[in-house]
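What follows is a single structure, written as structure tokens, with notes after it.
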Amino acid sequence: MLIIREGTLIDPGNISGCYDIIIRNGNIVGIQAPGTFRELQKQDDVVINAKGKIVTPGLIDMHVHLREPGHEYKETISSGTMAAASGGFTAVCSMPNTNPVNDCAEITEYIIKKAVQAGRSRVYPVASISKGLNGKNLSAFGELKRSGAVAVTDDGLPVSDSQLMRRAMEYAMGFDLPVISHAEDLQLTGNGVMNEGTPATRLGLAGIPNAAEAVMVMRDISLCELTGARLHIAHVSTKESVRAIRDAKERGLPVTAETAPHYFTLTDEHLIEYNTNFKMNPPLRSPQDREAVRQGLADGTIDVIATDHAPHSSLEKDIEFCQAANGIIGLETALPLSLKLVQDHVITMETMVQKMSRNPARILGLEVGIIEGFPADITIFDPEFSHTIDADRFYSKSRNTPFHGWQVKGKALVTIVGGNVVFNEFTDGKRL
């Protein structure tokens, strides 16, 4: 039996306050006021003192690149789920742009099997919309759903063919799968490597206009309206996208959206030294876009905070800026960066938990919550834990983060998956 004592529970829409949680056989079996649990403790029972700490349903990152199969030198399912657990995530959703692409039952099942073997965070595979990410032929959604896929996307590439995207939405509806949109017009992106604006001009780098994202967001919202399918917009970065999503929600369309900590924390002004750890797709935008994203989080336009965790080795990052790969890692920095929104009074603690746990679960149809009878997937964190981000101590195999050396507050202390402690700051966290 596992007992979490005197934690401050925050489970939006369900429960809040100071409680003890009793866990047996992987499930939550009791939620009681402190000191009221009378069952005789056994010698092998584990007690976690969570007094003064926040206890929430397990955090879920619905946008992660685990790189396996095919690019294990950047990340493996084992290293990625360990990084997730240390960041407080009890579950992650793996994107399909692996090698081979996750476009069939065999790859989906392989990913799930490797995650179970790793024994850390859960992995829910997201399968490809098109075979081989070729943007031409649809994958077999039914087969993928039966194998464990929770959504479909061609993330990393847009579905440029509007007719194919329409068919994908219609097909996905039959299997109750959300369609995740990588919203990018490649013709507008061109050879751009950062946001189009004054910083790009000063650096002499080709820019990517906001419209490269917003045009495709608007197209996919139109297709959502046409088909009635559930649409989720990934990595929102522009004010125009936020405005379009807000309008779609006001009209009652089944549209949800996510952003990542780098889009509500950084801007294109941070690229002044050509540091490739600030290079990503979509690119870091203007201060005005950052403010729009923060406002979108505050008013509910943006439902989810995800990381778009994208590991790369020095082979892809320690090269000329224009040639460097896009993407940064984020599993081990997301919680303190998101807590900064709470500290800055942009959102409340309850809203942050909603966007990092409850909302991803709702969108993906997952069972999560501090509720008797539910699986014990729980995150315990200290919002006042001050530390310096040190990429050299990450569990991820890659080090491509722009946040190395940042002073932050907030740290996952204990991560519990299915009643098992998969990360404990006081034992595993000796690296810090």
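The table for this structure:
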{"item": "Check on Gln288, over 16 Å from the mean Cα position of the chain (by Cα) and not small (Gly, Ala, Ser)", "result": "yes"}
{"item": "Residue list for region 249-266, filter: free of Cβ contacts under 8 Å to residues at least 60 places away in the same chain and surrounded by fewer than 24 Cβ atoms within 10 Å (Cβ to Cβ)", "result": "Lys249, Glu250, Arg251, Gly252, Leu253, Pro254"}
{"item": "Selection status of Gly132, within 17 Å of Arg285 (Cα to Cα) and not β-branched (Val, Ile, Thr)", "result": "no"}
{"item": "Residue tally, condition out of contact with any strand residue (DSSP E or B) (no Cβ under 8 Å at 6 or more places or on another chain) and on the phi > 0 side of the Ramachandran plot, over region 360-378", "result": "1"}
{"item": "Single condition Ser237 does not satisfy, out of (1) surrounded by 24 or more Cβ atoms within 10 Å (Cβ to Cβ); (2) touching a residue at least 40 places away in the same chain (Cβ under 8 Å); (3) over 20 Å from Gly197 (Cβ atoms)", "result": "(3)"}
{"item": "Any hit, region 215-234, residues being free of Cβ contacts under 8 Å to residues at least 40 places away in the same chain, small (Gly, Ala, Ser) and at negative phi", "result": "yes"}
{"item": "Candidates Ala127, Ala115, Ala105, filtered to the one that is surrounded by fewer than 24 Cβ atoms within 10 Å (Cβ to Cβ) and in the same structural domain as Pro311 (by TED's automatic domain parsing)", "result": "Ala105"}
{"item": "Of the criteria (1) over 19 Å from Ser241 (Cβ atoms); (2) surrounded by fewer than 23 Cβ atoms within 10 Å (Cβ to Cβ), which one Pro287 fails", "result": "(1)"}
{"item": "Which listed residue, of Gly135, Gly148, is on the phi > 0 side of the Ramachandran plot and over 22 Å from the mean Cα position of the chain (by Cα)", "result": "Gly135"}
{"item": "Residue tally, condition under 23 Å from Ala310 (Cβ atoms), surrounded by fewer than 17 Cβ atoms within 10 Å (Cβ to Cβ) and at pLDDT 95 or above, over region 406-432", "result": "1"}
{"item": "Scan of region 213-228 for residues that are hydrophobic (A, V, I, L, M, F, W, C) and surrounded by 24 or more Cβ atoms within 10 Å (Cβ to Cβ), ordered by number", "result": "Met216, Val217"}
{"item": "Within region 373-429, considering residues that are touching a Pro at 6+ places or on another chain (Cβ under 8 Å) and charged (D, E, K, R), the one nearest to Phe264 (Cα to Cα)", "result": "Lys409"}
{"item": "Qualifying residue in region 179-188 (condition: in a helix (DSSP H, G or I), buried (at least 18 other Cβ atoms within 10 Å of the Cβ) and in contact (Cβ under 8 Å) with a residue 24 or more places away in the chain)", "result": "no"}
{"item": "Filter result (within 20 Å of Leu266 (Cα to Cα) and small (Gly, Ala, Ser)) within region 184-203", "result": "Gly192, Gly197, Ala200"}
{"item": "Complete set of residues in region 202-220 that are farther than 14 Å from Cys322 by Cα and out of contact with any Ser or Thr (no Cβ under 8 Å at 6 or more places or on another chain)", "result": "Arg202, Pro209, Ala211, Val215, Met218"}
{"item": "Residue list for region 365-396, restricted to those being in a loop (DSSP other than H, G, I, E, B) and more than 20 Å from His262 (Cβ to Cβ)", "result": "Gly365, Leu366, Glu367, Val368, Gly369, Ile370, Ile371, Glu372, Gly373, Phe374, Ala376, Asp377"}
{"item": "Subset of region 352-405 [crowded, with 18+ Cβ neighbours inside 10 Å, β-branched (Val, Ile, Thr) and over 20 Å from the mean Cα position of the chain (by Cα)]", "result": "Ile370"}
{"item": "Count - residues of region 307-323 that are surrounded by 20 or more Cβ atoms within 10 Å (Cβ to Cβ) and either over 18 Å from Phe394 (Cα atoms) or among the aliphatic types (A, V, I, L, M) (or both)", "result": "1"}
{"item": "Test for Thr153: is it crowded, with 18+ Cβ neighbours inside 10 Å and assigned by TED's automatic domain parsing to the domain that holds Met352", "result": "yes"}
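Here is a yes/no grid of residues against (1) under 25 Å from His65 (Cα atoms); (2) in contact with a helix residue (DSSP H, G or I) (Cβ under 7 Å, 6 or more places away or on another chain); (3) in the same structural domain as Asp154 (by TED's automatic domain parsing):
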| position | (1), (2), (3) |
| --- | --- |
| Asp176 | yes, no, yes |
| Val179 | yes, yes, yes |
| His182 | yes, no, yes |
| Leu186 | yes, no, yes |
| Glu196 | no, no, yes |
| Ala211 | no, yes, yes |
| Glu225 | no, no, yes |
| Arg230 | yes, no, yes |
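The values are calculated or read from the model by the stated rules, or taken from the named source; none is laboratory data. Here the structure is a predicted model, which means the values were calculated and not measured. Cβ atoms come from the backbone with ideal geometry, glycine included; neighbour counts cover every protein chain shown.
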